[in-house]
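The values are calculated or read from the model by the stated rules, or taken from the named source; none is laboratory data. On a predicted model such as this, the values are computed, not experimentally measured, just so you know. We place every Cβ from the backbone using ideal geometry, glycine too, and count neighbours over all the protein chains shown. Each accessible area value is taken on the protein alone, full model and side chains, heavy atoms only, with ligands, DNA and RNA left out. Shrake-Rupley method; radii C 1.70, N 1.55, O 1.52, S 1.80 Å.
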Amino acid sequence: MADLDTLAAFFVATMIFAYMPGPALLYATAQTIARGRKGGLMAAFGIHLGGYVHVIAAALGLGFLLSQVPTVYLVIKFAGAAYLVWLGIRMITQRIESDTSQPAAPNPRRTFAQSILVEVLNPKTAVFFIAFLPQFVDPAASLPAWLQFLVLGTIVNVAFSSADLVAVALAHRIVGRIKQSLQGQRIARWIGGSILAGLGLRLGLEGSGK
C-alpha cells in the first residue's frame, strides 16, 4: 500500500467527500422522509451493496470504459436518471392504504432492491472511483494494484455509507412527528418523491463530474 502520509491524506479526503451532501446521501434522506427509518436503512444498505459493483469495476479496469466510451456513459446515465424520476413520481402518487393515523409500513425488500439498482445505474459513482482511487494506489507496493483498488474502494464505500446512515437517523428524528397523521405522510412522500425526481433530473442534465 501507499506510505502513511499518503494514506492519511486518503482518509481525510474520503471523509470530506463522504459527508458532503451528494446524490446518495440525499437519496437515503428522501427515502427516510417518505418511508420511515426502515425504508431509509434499506436504501442506505442497497446503495452500499450497489457501490461494490463500482468498486469491483474499478479494480478490474471496467470503470475506465465509462470515461473512454461516451455512448456507454450516456446510456447508463439516462437510464439511471429516468429510473430516479420514475421512483420519485411513483412515491408522490402512491396511495397510502391506511384508515388510522399510523404511518404506512414500507416494503423493505423493494426499497432495498430499488436502491441497489439506483446506485448501479449511477455512472458518476464509477467515474468518481476511477478518478479518486488511482491517486492513492502505489504500483511499487507488494500488493497488486487491483487488490489496492478493492481495499481502498471498500474503505470509501463504508465511509460514504456511514454518512448515509447519519442522514437517515437525522431525517427520521426530524420528520418522525410530522408523519403521525395521514396528511403528514402525504406531505413526507411528496417531499421525498420531489427529491428523488430532482436527483434524476440533475443526473440527466449535468456533465460527468462528481
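If I ask for residues that are open to solvent by 20 Å² or more (accessible area, probe 1.4 Å) and touching a Ser or Thr at 6+ places or on another chain (Cβ under 8 Å), which ones from region 50-65 would you list?
Matches in region 50-65: Tyr52 only.
Considering every residue within region 66-89, establish whether at least one is under 20 Å from Ala131 (Cα atoms), modelled with pLDDT under 90 and open to solvent by less than 20 Å² (accessible area, probe 1.4 Å).
Within region 66-89, one or more residues are under 20 Å from Ala131 (Cα atoms), modelled with pLDDT under 90 and open to solvent by less than 20 Å² (accessible area, probe 1.4 Å).
Can Ala131 be described as at pLDDT 85 or above, open to solvent by 40 Å² or more (accessible area, probe 1.4 Å) and assigned to a helix (DSSP H, G or I)?
Judged against the criteria, Ala131 is a match.
Filter region 152-177 down to the residues that are assigned to a helix (DSSP H, G or I) and charged (D, E, K, R), then identify the one that is farthest from Ile47 (Cα to Cα). Steps first, please.
If we filter region 152-177 for residues that are assigned to a helix (DSSP H, G or I), which is where we start, we get 152-175.
From what's left, charged (D, E, K, R): 164, 173.
Numbers: Asp164: 9, Arg173: 21 Å.
The residue in question is Arg173.
Could you check region 1-97 for helices (runs of 4 or more DSSP H) lying wholly inside it with 3 or more residues that are of a type in the set (Ser, Thr, Tyr)? Break it down stepwise before answering.
Values: elements: 4-19, 23-60, 64-68, 70-93.
Because the criterion is at least 3 residues that are of a type in the set (Ser, Thr, Tyr), the helices (runs of 4 or more DSSP H) in region 1-97 that meet it are 4-19, 23-60, 70-93.
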